[in-house]
Amino acid sequence: ERFAPLVIPLFLTCKGLDGLSLTGKNFLAKTGPHKVKVIFFSKTGERASPFVRQISRNYWAYASFAFVLWREEESSIWWNTFEVESAPAIVFLKDPGVKPVVYYGSFNNSRLSEVMEQNKLQELPQLRSVTSMELGCDARGYSRAGSDTTIWYCVILAGRLSPELNKMRETIRRVQETLLSDDESNAADTDQSLSPAAVAFRNKRLTFAWLDGEAQDRYCSFYLFSETSFETCGARRDMSDVPRLFIVRYKRNTTEDEAKIERKPRNIWDAMQEQEVDPASQLVVRYNGSDEIPQIAKWVSEIIQDGDSKDLPFYRAKTPELVPEDSEPLLTRSAQSLFSKSIGMKQRIRNIMGQCYDYLGDPRIGPALLLAALMSFGTIWLMRGQQLAHPSQSGQPGPSANEDENRPARRKRAKKGSNEAGPPSITDEEPKDAYQMPLLDSDSD
């Protein structure tokens with residue numbers, strides 16, 4: 001088994017008729033459920049080309065990549081496992097129980113980018129920190145139909161990873177297929193009760209997604225707050241795992257958005273206060289019916305019809321942040337990605353300020369600060385007392401004392417020097433044999 005460097009992690013091999021090797025099984029088992037598995041089949045076993053490595057870096061948050069060396073004697077196993085007939089080929093493994101998506105032939109950079117963009121999400125997309133804006137399931141963003149859309153909906157299936165969740169994910173996929181087929185069929189054959197949901201799904205005002213209730217505990221509990229929410233959200237406490245379905249109606253106030261654009265904040269504090277709550281209103285309805293596909297589709301359609309026709313209250317709140325499933329690799333991290341797409345710098349600063357306010361409101365903070373102040377003042381008083389009691393450890397005057405004593409001596413010497421005459425010059429004394437020449441009068445000539 002060979003290991004490719006950087007983002008392409010490994011080569012999967014097949015040993016005899018026993019199936020996948022240990023490396024292949026680990027890749028399929030340990031890859032996170034939030035990522036699509038992408039497997040490249042090759043006859044030569046070459047390493048990943050530069051553009052394949054670049055694609056793997058660009059889509060690291062959506063997919064995990066691996067290579068397989070194709071051998072004819074192992075073709076039956078690859079067919080039974082991934083339904084691959086020949087190589088070169090690319091296989092996309094998505095939701096549990098969903099048929100693999102296989103592409104045959106060689107791929108260049110543009111073709112591979114197009115295929116990855118089409119298959120980067122699961123059949124029933126997962127609501128994550130990197131997909132919430134793209135799916136339109138974020139109160140800080142817009143609908144998939146565009147920023148001009150005022151009302152849109154997101155149907156979310158929440159639960160812990162379990163067979164029960166996988167079964168409900170399959171049910172929601174069938175609901176999507178039902179609405180899609182209802183929208184594409186003739187008007188005479190369609191069920192009019194499903195028409196609002198089918199039209200909204202076609203116009204991208206309706207999105208279906210699933211949420212990991214264990215990883216996104218705060219987000220899940222925010223929408224399903226009840227006495228039985230522990231069966232869906234948070235860590236597993238007992239053997240019961242109950243997936244729950246709810247729909248969120250988002251509505252934006254276009255008048256208020258325009259007013260915000262025209263009104264400029266006076267300082268950074270005003271700018272943060274204006275975005276304290278999410279700009280879009282949210283109304284949540286939980287589903288309490290059976291797991292039958294027609295009943296779920298009818299319930300979604302009724303909610304959409306009421307949400308579009310009735311004048312419902314405009315309620316805004318602050319939605320908890322989605323927790324990233326994994327951190328960005330260091331090799332692909334850049335200066336522009338220090339802050340995630342869903343959490344901006346303002347939001348991070350607001351979170352820090354909110355934590356400071358929480359600490360200030362803690363009743364234990366007052367006694368703690370008082371104790372710290374008393375200890376600080378006591379330490380200062382003790383150090384000052386020691387300095388006054390022992391001014392000098394060596395018994396010799398310090399440099400300041402010597403300086404005070406030498407200062408009068410310097411002034412005395414300066415005064416004495418100013419009164420004494422200076423040293424004699426060569427013109428001060430008259431020589432013994434000197435002769436004074438008389439000055440002749442000018443008229444003597």
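The values are calculated or read from the model by the stated rules, or taken from the named source; none is laboratory data. On a predicted model such as this, the values are computed, not experimentally measured, just so you know. Reconstructed Cβ throughout: ideal geometry from the backbone, glycine too, with neighbour counts over all protein chains shown. In case anyone asks, the SASA skips ligands and DNA or RNA and just uses the protein heavy atoms, side chains included. Shrake-Rupley method; radii C 1.70, N 1.55, O 1.52, S 1.80 Å.
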Margin query: Condition check: among the aromatic types (F, W, Y) and modelled with pLDDT of 90 or more. Does Y287 satisfy that?
Written below: yes
Check: Which residues, taken from the stretch 213-231, are open to solvent by less than 70 Å² (accessible area, probe 1.4 Å), free of Cβ contacts under 8 Å to residues at least 12 places away in the same chain and part of a loop (DSSP other than H, G, I, E, B)?
Finding: S226
Notebook entry, point to check: Would you pick out the residues in the stretch 284-306 that are under 26 Å from T319 (Cβ atoms) and open to solvent by 40 Å² or more (accessible area, probe 1.4 Å)?
Noted result: V284, V285, R286, N288, E302, Q305, D306
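One line per residue, one yes/no per condition, for (1) at pLDDT 90 or above; (2) outside the structural domain of W299 (by the TED database); (3) over 20 Å from Q305 (Cβ atoms):
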{"position": "E164", "(1), (2), (3)": "yes, no, yes"}
{"position": "R174", "(1), (2), (3)": "yes, no, yes"}
{"position": "T178", "(1), (2), (3)": "yes, no, no"}
{"position": "Q192", "(1), (2), (3)": "no, no, no"}
{"position": "F201", "(1), (2), (3)": "yes, no, no"}
Check: In the stretch 343-401, how many are among the basic types (K, R), farther than 30 Å from R128 by Cα and modelled with pLDDT under 80?
Finding: 1
Check: If a residue has to be open to solvent by 70 Å² or more (accessible area, probe 1.4 Å) and either β-branched (V, I, T) or within 22 Å of T131 (Cβ to Cβ) (or both) to count, how many in the stretch 40-85 make the cut?
Finding: 3
Item checked: Residue count for the stretch 43-74, restricted to those that are within 16 Å of N119 (Cα to Cα) and in a loop (DSSP other than H, G, I, E, B) -> 4
Next item on the list: Would you mind finding the one in P88, P96 that is touching a residue at least 24 places away in the same chain (Cβ under 8 Å), open to solvent by 50 Å² or more (accessible area, probe 1.4 Å) and touching a strand residue (DSSP E or B) at 6+ places or on another chain (Cβ under 7 Å)?
Entry: P88
Notebook entry, point to check: Out of curiosity, is R249 touching a residue at least 60 places away in the same chain (Cβ under 8 Å) and out of contact with any strand residue (DSSP E or B) (no Cβ under 7 Å at 6 or more places or on another chain)?
Noted result: no
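Residues are listed down the side, and each one gets a yes or a no for (1) in a helix (DSSP H, G or I); (2) without any contact (Cβ under 8 Å) to a residue 60 or more places away in the chain; (3) not aliphatic (A, V, I, L, M):
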residue	(1), (2), (3)
W79	yes, yes, yes
F107	no, yes, yes
R111	yes, yes, yes
E114	yes, yes, yes
E117	yes, yes, yes
L121	no, no, no
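Condition check ((1) of a type in the set (F, W, Y); (2) touching a residue at least 40 places away in the same chain (Cβ under 8 Å); (3) open to solvent by less than 10 Å² (accessible area, probe 1.4 Å); (4) more than 23 Å from D278 (Cα to Cα)) across all residues:
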| site | (1), (2), (3), (4) |
| --- | --- |
| V101 | no, no, no, yes |
| D138 | no, yes, no, no |
| Y142 | yes, yes, no, no |
| V155 | no, yes, yes, no |
| G159 | no, yes, yes, yes |
